[in-house]
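Since the structure comes first, as structure tokens, the remarks are kept for the end.
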Amino acid sequence: MMYSTVSCIKYDPGSMVPSSHEVVIEVPLAIFVNGRHALTAMVSPTLLEEFVTGLLYTERIIRKLEDIESLHIEENRERSREKNKDENRDENRDENRDENREKNREKNREKNGDENREKNREKTERKTDDAITLSASVLTKDPFSIMLSGKTVLSGCGGDTSYLDADRLPKIQSDMVTNVSTIKTIMKETLVSDLHTRTGGIHIIGLFGPEGKICVIEDIGRHNALDRAIGYGLKHGVDFSRTIVTCSGRISSEMVRKCLMANIPIIASRGATTTLAISMAEKADLTVIGFVRSQKMNIYTGVERVRNE
């Protein structure tokens, strides 16, 4: 589940009404590489192994999937103890229910409102606990492989970046060619999202190959979603040199960097791009396309890969 229904007060002109709304779930994921805390990423709680795999790949901690010796996603012991305590409490309550039913009926009726509120509070607290206890432990075949320790990757557009000198980034090695009709079609396919319709708070990344859709990934952060799509591709043996990435949000320099690391030759977005992203893409022969909407698009770099068909 990638969203949760929460209470709110909805305002319409002249009235404020108690209501509810679906909100995307955001969780911290602490990543440990070879026993060392590498970073904590704020992510959506789905396809976490793919996310970690893709992140390690775009950070050049691994060069191929086989470089990972083991990868485990787990919850910490505090949550487990809390969960066991809750389960034991429920079990004991069930055992004593019949014995105390008559004796406490009136008393329980009076306290019912307070107990329900307390249960709801405990349920909310357990959900919060769940959100702060995810961790990923990775062992690589090279035990000295590490990432910059302690980094936090935020879910917002201004999240942390692993900036590299543009002159040192790899150049795209691909002979892939596409056409404008394909770009429009796959962008439209990418943006069909029930989760976005429900919450309005999600980014979407699509990965497409010569045969069509490989995967469409949703996450609170577009950088996370791209890492997750790359991780998915690694696990399924995808030839990235024959792929196109589509994006619901802005194409930043970090999005370009990740495409270069994976040798993805084309990235297209419904949104805008930045000057640094364009500059990096030009030097590395990456095709960047923005504002893919209706019958229009802006091809900023690598126009030779896009035919007017």
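The values are calculated or read from the model by the stated rules, or taken from the named source; none is laboratory data. For clarity, every value in this text was computed on a predicted model and none was experimentally measured. Counting neighbours? That spans all protein chains shown, and the Cβs are built from the backbone with ideal geometry, glycine included. All accessible areas refer to the heavy atoms of the entire protein, side chains included, with ligands and DNA or RNA removed. Shrake-Rupley method; radii C 1.70, N 1.55, O 1.52, S 1.80 Å.
Note the full-extension length gain between residue 211 and residue 308 as 0.36 nm times their separation in residues minus their Cα-Cα distance, in nm to one decimal.
32.9 nm
Find, among the GluC sites (Glu not before Pro) in the range 178-259, those assigned to loop by DSSP (not H, G, I, E, B) with at most 11 other beta-carbon atoms within 10 angstrom.
Here the sparse-neighbourhood loop sites are 211.
What does the charge add up to near residue 196, with Lys and Arg as +1, Asp and Glu as -1, over the other residues with Cβ less than 13 Å from its Cβ?
Result for the neighbourhood of residue 196: -1.
Distance between the C-alpha centers of the range 183-214 and the range 1-72? Whole Å please.
The two parts, judged by their Cα centres, are 18 Å apart.
Step through the table entries 171/258; 184/213; 171/296; 64/141, compare each Cα-Cα distance with 19 Å, and write down the pairs that go over it.
Check vs 19 Å cut-off fails for 171/296.
Can you send over the carbon and sulfur percentage of the accessible area for the range 218-289, probe radius 1.4 Å, protein chains only?
Exposed carbon and sulfur together represent 47 percent of the surface.
Stretch residue 235-residue 8 to full length: gain in nm at 0.36 nm per residue minus the Cα-Cα span?
77.7 nm
Rounded to the nearest 0.05, what FRET efficiency do residue 60 and residue 181 have when you use their Cβ-Cβ distance and R0 = 41 Å?
0.70
What is the extension gain from residue 69 to residue 46, computed as 0.36 nm multiplied by their sequence separation minus the C-alpha to C-alpha distance, in nm to one decimal?
Full extension of this stretch gives 6.1 nm more.
What is the calculated FRET efficiency for residue 171 to residue 21, with r their C-beta to C-beta distance and R₀ = 45 Å, to the nearest 0.05?
0.50
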